[in-house]
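Written below as structure tokens is the structure these notes are about.
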Amino acid sequence: MSKSQQLTQLSKFLSEGIQAYAMKALQTIQLSYKHTIKSWFNRHSVQSFVSLFLIGAFLSIAVASCSGSSSASKNDVKLKLVSFSVPKAAHDQIIPKFVEKWKQEHNQNVTFEQSYGGSGAQTAVIIAGSQEADIVHLALPLDVNKIQQAGLIKSGWEIKAPRSGIVSRSVAAIVTHQGNPKSINTWADLAKDGVKVIAANPKTSGIAIWEFLAFWGSVTLTGGDEATALDYVTKVYKNTPILTKDAREASYLFFQKGEGDVLINYENEVILAEKTGTKLPYVVPQVNISIDNPVAIVDKNVDKHGTREVAQAFVDFLYSTEAQREFAKLQYRPVNPTVTQEVASQHPPIKTLFTSQDLGGWDIIQNKFFGNGAIFDKVQAASKA
């Protein structure tokens, strides 16, 4: 039990003890009340009247003090939210709504300490203990699984939350410069000679893993074998001269610096850039992967901080219609069915939408593609040869 929890229980014990003592004293006074009044009228004793008045005043103050303490504001609570970089704008809108709701319902102030960065890098610092996250919102379930394997999150986190723990969703988009001079329209076009691809690093970035899986699945889930897929992704990464640390950096190089011929990014990021004035041609491939972003409570940390109740309430709030509408405003494909229907016309339908399960699930994906010496490392080595 934390020090703050011990102090809270001690305060509650003392408050209840004082209130019980006061009420018992009041009951004693009530039993002798008639006798006291009768004695006063018989003797006209000023001393008795003063004594009775003072006792009554004391009891009134004691009971009022106990009653007032029960309605006073609870101690403030602080939550640490660690997230991948992209959802920051959504959280900036959602968090104040939750804080206001919690204050109204529980008379308690909640503050948030927030950290944003590449999903893989964020996962690493949480496991190392330098970020004691209460809640994580990461780019892919694989990163949450890594935190679980480190003993910070209890097993079965994905079946304890709504929507299998997925709170935001997108798909992959291919972005080109004005006029699309290299005629890049499909996944296959990324492997053409002379095409420069801007992509992130799967060792530090969630979107980079989704990119790789989109490349691979575009071959293996449309009739191609794994040898063909390996040849294809090797050519794509030969066309990728630098791997950025996260999606934000990749977007900056492409949109602001004008580097590369093509950028693979989240659909929501591309549409949002278009709405804010950076309008570039893009295509959402008809063979695509469902990019599922999970949220989870870090059990070891919330128990240490005494924040489980409010952390769980915030996670639940993220699935609400109100919060999902904020994700939708930022062009995510919402997971709340009501909001999904509201924004369905804003997103193009996809002919073949596959998931991580279609590629074997995250345990297989990690070992097969991203473990030390696995397929991605071999692709990297071949692309640099």
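Among the candidates I375, I289, the residue that is under 23 Å from the mean Cα position of the chain (by Cα), under 26 Å from T222 (Cβ atoms) and open to solvent by less than 40 Å² (accessible area, probe 1.4 Å) is uniquely I289.
What residue, among those in segment 60-95 that are in a strand (DSSP E or B) and crowded, with 18+ Cβ neighbours inside 10 Å, is modelled with the lowest pLDDT? That would be F84. Filtering segment 234-270 to residues that are open to solvent by less than 10 Å² (accessible area, probe 1.4 Å), of a type in the set (V, I, T) and touching a helix residue (DSSP H, G or I) at 6+ places or on another chain (Cβ under 8 Å) leaves V236, T244, V262, I264. The set of residues in segment 130-150 being open to solvent by less than 60 Å² (accessible area, probe 1.4 Å) and either under 13 Å from the mean Cα position of the chain (by Cα) or charged (D, E, K, R) (or both) consists of A133, D134, I135, V136, H137, L138, A139, L140, P141, D143, V144. Of these, T228, T222, T234, which one is β-branched (V, I, T) and free of Cβ contacts under 8 Å to residues at least 12 places away in the same chain? The match here is T228.
Would you say A313 is open to solvent by 20 Å² or more (accessible area, probe 1.4 Å) and more than 25 Å from F215 (Cα to Cα)? Yes, satisfied.
Candidates in segment 102-146 are the residues that are outside any loop (DSSP other than H, G, I, E, B) and hydroxyl-bearing (S, T, Y); of these, the one that is farthest from E309 (Cα to Cα) is S119.
Of the residues I127, I174, I153, I209, the single one that is of a type in the set (A, V, I, L, M, F, W, C), at negative phi and open to solvent by 50 Å² or more (accessible area, probe 1.4 Å) is I127.
I need the full set of residues from segment 273-292 which are touching a helix residue (DSSP H, G or I) at 6+ places or on another chain (Cβ under 8 Å) and not in a loop (DSSP other than H, G, I, E, B), in order please. The answer is A273, Y282, V287, N288, I289, I291, D292.
The values are calculated or read from the model by the stated rules, or taken from the named source; none is laboratory data. Remember, predicted model here, so these are calculated numbers, not experimental data. FYI the Cβ positions are ideal-geometry reconstructions off the backbone, even for glycines, and counts take in every protein chain you see. Please note that ligands, DNA and RNA were not included when accessible areas were found on the heavy atoms of the full protein model with its side chains. Shrake-Rupley method; radii C 1.70, N 1.55, O 1.52, S 1.80 Å.
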